[in-house]
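The values are calculated or read from the model by the stated rules, or taken from the named source; none is laboratory data. Model, not experiment: these values are computed from the prediction. Glycine also receives a Cβ, built like all others from the backbone with ideal geometry; neighbour counts cover every protein chain displayed. Heads up: the accessible areas ignore ligands, DNA and RNA and are worked out on the full protein's heavy atoms, side chains in. Shrake-Rupley method; radii C 1.70, N 1.55, O 1.52, S 1.80 Å.
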Amino acid sequence: QVQLVESGGGLVQAGGSLRLSCAASVRTFSSYAMGWFRQAPGKEREFVAAISWSGGRKLSADSVKGRFAISRDNAKNTVYLQMISLKPEDMAVYYCAASRAHYSGRGDEYDYWGQGTQVTVSS
């Protein structure tokens, strides 16, 4: 069983930055691919970014390319999402997820999910 706890969300002005963290309570964190997803009110969950178990391969949604960066520290069992140039449309609950398979943009390929952290962007 993997428990994921996100942190780092909050209120930020448009153009600002935030760094989300997701701490995993599992001994074999380095064997999991990790992803970030988000869900805005009234909208479906959407993929944001994913990273392979080693950190060597990454994916990101077109809507965040050049603004968001995913990274991980396997020694700390933590995955990060650095967000810059935030826009009002980035406002959502952000979830991290762990996959035993491979890094992917598909939510149904992830096995464990965190509770989410709210990101609010004021215009």
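Taking 0.36 nm per residue of sequence separation and subtracting the Cα-Cα distance, how much length would be gained by fully extending the chain between H102 and K65, in nm to one decimal?
11.3 nm
Distant-in-sequence amide contacts of Y112, defined by a placed amide H-H separation under 5 Å and a gap of 5 or more residues or a different chain, comprise A98.
Restricting to Cα pairs below 8 Å that are 6+ residues apart, what does the relative contact order work out to for the chain? Please round to a whole percent. Provide the component values of the computation, followed by the final result.
On the way: 318 pairs, mean separation 44.5, N = 123.
This gives 36 percent for the chain.
Remark: accessible surface ordering of V48, V5 (largest first) is V5, V48, probe radius 1.4 Å. A straight line joining the Cα centroids of the stretch 105-123 and the stretch 21-61 runs 8 Å. Candidate cross-link partners of K65 among the lysines, defined by an alpha-carbon separation under 23 Å and a same-chain spacing of 8 or more, comprise K43, K87. Computed from label points 7 Å out along Cα-Cβ, the spacing between Q3 and T28 is 2.0 nm. Only Cα pairs under 8 Å and 6+ residues apart enter the sum, and on that basis the relative contact order of the stretch 39-99 stands at 29 percent.
Backbone geometry of the stretch 27-43 corresponds, through the Karplus equation with coefficients 6.51, -1.76 and 1.60 at θ = phi - 60°, to 3J(HN,Hα) couplings of 6, 10, 3, 5, 9, 9, 6, 10, x, 10, 10, 9, 9, 8, x, x, 10 Hz, x marking Gly and Pro.
Under the combined filter of DSSP loop state and at most 13 neighbouring Cβ atoms within 10 Å, the stretch 1-80 retains these GluC sites (Glu not before Pro): E44. Extension gain, S54 to A75, is 6.4 nm, computed as 0.36 nm per intervening residue step minus the present C-alpha separation. Residues in the stretch 108-115 carry Karplus couplings, in order, of 6, 9, 9, 9, 9, 9, x, 7 Hz; the curve used is 6.51 cos²θ - 1.76 cosθ + 1.60 with θ = phi - 60°, and Gly or Pro positions show x.
Mean projection of the Cα convex hull over all viewing directions, computed for the chain: 6.7 nm².
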